[in-house]
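*Asks:* I'd like to ask some things about the structure below.
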Ligand code: LMR
């Protein structure tokens with residue numbers, strides 16, 4: 001202030017410029033980092049949030065979206081969030097274990113959600129809130145749950161009977177539940193960052209993997225996987241999270257506007273998820289590189305039988321009470 005008035009006294013024209021510079025507000029920057037392609041449900045959701053957030057705050061907030069692990073890979077992005085190097089992420093629910101929030105791995109249990117309605121009851125109800133509370137003492141605030149979809153299994157050979165998995169090296173996310181799931185099938189799970197999967201499949205470092213069609217297609221995994229089975233055996237979704245200190249430190253009016261933008265972006269992302277996956281599956285079928293297989297009724301039953309024991313084996317890891325309350329919700333859900 002003293003400096004500005006001194007300048008005013010000496011240089012009349014420069015005074016105006018100096019005063020403007022001293023009062024002009026730099027926008028608040030939110031770096032939103034993620035690991036998937038922009039044209040996925042998560043990628044599109046992030047862009048929608050950017051658009052709404054910048055509009056609602058009338059430019060007070062600038063959102064920079066960094067897709068495709070451009071800034072950080074899976075594990076690093078969580079560390080970067082805690083350190084404040086980025087402000088917002090949307091990691092899959094399968095990636096919270098290494099952070100010490102192993103309860104999130106409950107979403108990875110095979111066949112835990114009989115349909116999306118059952119899932120929505122969990123994420124939008126008290127269980128979803130309770131899970132977010134577990135992040136607070138890690139310096140993280142949970143804002144929303146975003147959908148991707150149910151996963152399919154892919155490999156460099158047909159996967160019809162569960163015996164087909166025997167000895168296959170299958171890439172998984174960093175979840176002990178997914179590790180148990182692959183072992184239940186007789187496969188050898190290998191944890192690997194998402195950004196490395198395409199090359200690992202191409203070079204034979206791993207034989208196969210699991211993902212919803214939107215991720216498989218946008219990473220071109222169908223070019224390096226000869227077979228895929230439409231198993232829908234497990235779910236993949238996200239928690240949109242922010243650095244708690246950053247979020248709590250925002251002016252209250254800005255935070256309210258951002259909350260509104262997030263609510264709308266969430267509706268958008270969750271509405272497009274199924275369609276994006278359907279479109280990706282069609283595109284991969286049309287590309288003709290991967291053979292897609294529908295399980296017979298009996299095969300489907302034997303996949304379930306092989307994987308369901310994982311619920312009990314992993315109950316103490318994900319929390320017995322939590323598991324029981326999820327089952328109560330899903331049993332009551334009206335699936336078509
Ligand atoms: C994966 O690593 O397979 C997925 O979690 C990637 C993602 O964020 O959808």
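*Asks:* Rounded to the nearest 0.05, what FRET efficiency is calculated for residue 39 and residue 115 with R0 set to 25 Å and r the Cβ-Cβ distance?
*Replies:* Values: r = 26 Å, r/R0 = 1.02.
Calculated transfer efficiency: 0.45.
*Asks:* Measuring from label point to label point, each 7 Å out along Cα→Cβ, what is the residue 332 to residue 304 span in nm?
*Replies:* So the two model labels end up 2.3 nm from each other.
*Asks:* Can you tell me the length gained on complete extension of the stretch residue 220 to residue 321, counting 0.36 nm per residue apart and subtracting the Cα distance? Intermediate results must be reported in sequence, preceding the final value.
*Replies:* Working: separation 101, 0.36 × 101 = 36.36 nm, distance 3.97 nm.
Full-extension gain reported as 32.4 nm.
*Asks:* Let me ask you something else. How far, in nm, would the chain grow between residue 82 and residue 64 when pulled straight, counting 0.36 nm per residue and subtracting the alpha carbon separation? Provide the component values of the computation, followed by the final result.
*Replies:* Values: separation 18, 0.36 × 18 = 6.48 nm, distance 1.77 nm.
Fully extending the segment from residue 82 to residue 64 adds 4.7 nm.
*Asks:* Also, I was wondering about something else. What order do you get for 199-208, 272-281, 234-243 when each peptide is scored by the mean count of other beta carbon atoms within 10 Å, highest first?
*Replies:* 234-243, 272-281, 199-208
*Asks:* Rounded to the nearest 500, what is the chain's calculated 222 nm mean residue ellipticity when only DSSP H runs of at least 4 contribute -39500 (n - 2.57) each, over all residues?
*Replies:* Working: 15 runs with 162 residues, N = 336.
That calculation yields -14500 deg cm²/dmol at 222 nm.
*Asks:* Something else now. Ranked from highest to lowest mean number of other Cβ atoms within 10 Å per residue, what is the order of the peptides 294-302, 255-263? Display every interim value, and only then the final one.
*Replies:* On the way: 294-302: 12.6, 255-263: 17.3.
Ranked from most to least packed, the peptides come out as 255-263, 294-302.
*Asks:* Oh, and also: Calculate how steeply helix 252-287 sits against the longest principal axis of the alpha-carbon atoms of the chain, using the helix alpha-carbon long axis, and give the answer as 0 to 90 degrees to the nearest 10.
*Replies:* Orientation of helix 252-287: about 40 degrees from the principal axis.
*Asks:* Mind pulling the angle between the C-alpha long axis of helix 126-136 and the longest principal axis of the chain? Nearest 10 degrees, somewhere in 0 to 90.
*Replies:* Once rounded, the angle reads 60 degrees.
*Asks:* Let me ask something else about it. State, to one decimal in nm, how far the label point of residue 292 lies from the label point of residue 133, with both points 7 Å from Cα in the Cβ direction.
*Replies:* Here the modelled spin labels are 4.2 nm apart.
*Asks:* Round to the nearest 10 and give me the degree value, 0 to 90, for the angle of helix 320-332's Cα axis relative to the longest principal axis of the chain.
*Replies:* Tilt of helix 320-332: around 80 degrees.
*Asks:* How many nm is it between the label spots at residue 282 and residue 313, if each spot is 7 Å from the Cα in line with the beta carbon?
*Replies:* In this crude label model, residue 282 to residue 313 measures out at 3.9 nm.
*Asks:* Hey, what's the per residue convex hull volume over the C-alpha atoms of the chain, in cubic angstrom? List each step's numbers first, then the result.
*Replies:* On the way: hull volume 50.5 nm³, N = 336.
That works out to 150 Å³ per residue.
Bear in mind these aren't lab numbers, they're just calculated from the coordinates by the rules spelled out. Source: prediction; values computed, not measured. Positions of Cβ are backbone-derived with ideal geometry, glycine not excepted, and every protein chain shown enters the neighbour counts.
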